[in-house]
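Single-structure report; data block below.
The values are calculated or read from the model by the stated rules, or taken from the named source; none is laboratory data. Just so we're clear, the structure is a prediction, and the values are computed from it rather than from any experiment. Counting neighbours? That spans all protein chains shown, and the Cβs are built from the backbone with ideal geometry, glycine included.
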Amino acid sequence: MAAYKLYGMGSPNVVKVVIALEELGQEYDLTHVNVFAGEQREPWFLALNPNGKTPVLVEPRDSGDFALFESGAIMDFLATRHGAFGGSSEDERATVRQWLLFQMANCGPAFGQAIHFSFATKECPYGQNRFTIEMRKLFKVIEQQLAVSDHLAGDYSIADMALWPWIRTLEMFFAEDLTTPALKRWFAAIEARPAVAAAAERMDEIGKLDRQARREASAEQLDRYFGRVAW
Ligand SMILES: N[C@@H](CCC(=O)N[C@@H](CS)C(=O)NCC(=O)O)C(=O)O
């Protein structure tokens, strides 16, 4: 089978897919999308994801490329396609997806906004407070679950791979909130996995390209990227 193509930037939603590809031993070409310059709004990218966001995974097929956006859908696809990390029984599969969707629907949006309102801007105390409170509420749910289970959904799964890069990113901003014992144990165990180290190495170059792209972006491009003005 030809290698997957993954389009992304240096963000947790992309890292989770890279971890899954590494864990599953899949070949993939990783292409950096310069979101600061607006590459995600160019017609070629909107044809892959009309919502103009990374990651997008493309599987080359004889019948034509199969493109998928939304990182949770990509994780689900990879686990199902390769028959691993998605639960074995019907109940296990449902539980893995429950925690995957918990990450997608709750943690991703709230954590992203908590970072935005606390660090990208300090102009809006209401937003900062609202999303930091929500983030801390979610930390409690996660701690509670990891105190009774080694992983979010029993065995190590795509749900853990989806959450782990978010916790890693939050450590840069909210380290004092991330010292609870079950979370620390879970985080260290996943960090020690060779596939996770390989994913981090693979993402290094993308991170460098992101930082360079951000430095080179104009004030107007940054306003668009942060959603302060419309594209
Ligand atoms: N729910 C989506 C979120 C995707 C998302 O927010 N992607 C960000 C990077 S983490 C992005 O590409 N942002 C560029 C933009 O919004 O213009 C997913 O999980 O795939």
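Residue-level check: of (1) surrounded by fewer than 15 Cβ atoms within 10 Å (Cβ to Cβ); (2) in contact with a strand residue (DSSP E or B) (Cβ under 9 Å, 6 or more places away or on another chain), G64 misses just (2).
Within the stretch 86-127, the set of residues being aliphatic (A, V, I, L, M) and within 16 Å of the ligand (Cβ to nearest atom) comprises L100, L101, M104, A105, A110, A114, I115, A120.
For every residue, the table says whether it meets (1) more than 30 Å from Q221 (Cα to Cα); (2) more than 18 Å from the chain's Cα centre (by Cα); (3) aliphatic (A, V, I, L, M).
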site: M1; (1), (2), (3): yes, yes, yes
site: G10; (1), (2), (3): no, no, no
site: V15; (1), (2), (3): no, no, yes
site: E42; (1), (2), (3): no, yes, no
site: L57; (1), (2), (3): no, no, yes
site: R61; (1), (2), (3): yes, yes, no
site: A67; (1), (2), (3): no, no, yes
site: G72; (1), (2), (3): no, no, no
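For the stretch 188-228, a residue qualifies if it is part of a helix (DSSP H, G or I), out of contact with any strand residue (DSSP E or B) (no Cβ under 6 Å at 6 or more places or on another chain), within 16 Å of the ligand (Cβ to nearest atom) and under 14 Å from N34 (Cα atoms), and the qualifying residues are G207, D210, R211, A213, R214, Q221, L222, R224, Y225.
Contact map, the stretch 59-78: residues that are on the phi > 0 side of the Ramachandran plot paired with residues that are outside any loop (DSSP other than H, G, I, E, B), Cβ distance under 8 Å, separation 6+ or inter-chain. Pairs shown: E70/M104. Scan the stretch 110-122 for residues that are within 21 Å of L146 (Cβ to Cβ) and surrounded by fewer than 21 Cβ atoms within 10 Å (Cβ to Cβ) and the total you get is 1.
A single entry from A3, A20, A37 fulfils the requirement of being out of contact with any helix residue (DSSP H, G or I) (no Cβ under 9 Å at 6 or more places or on another chain) and of a type outside the set (D, E): A3. T179 meets all of the listed conditions (1) assigned to a helix (DSSP H, G or I); (2) out of contact with any helix residue (DSSP H, G or I) (no Cβ under 6 Å at 6 or more places or on another chain); (3) over 21 Å from H32 (Cα atoms); (4) β-branched (V, I, T) but one, namely (1). A search for C-beta distances below 8 Å between a residue of the stretch 30-54 that is without any contact (Cβ under 8 Å) to a residue 60 or more places away in the chain and more than 8 Å from the ligand (Cβ to nearest atom) and any residue that is part of a loop (DSSP other than H, G, I, E, B) and not aromatic (F, W, Y), counting only pairs 6+ apart in sequence or on different chains, returns E39/V33; F45/V33; F45/G52; L46/G52. Only residues that are modelled with pLDDT under 95 and surrounded by fewer than 16 Cβ atoms within 10 Å (Cβ to Cβ) were counted in the stretch 128-157, giving 0.
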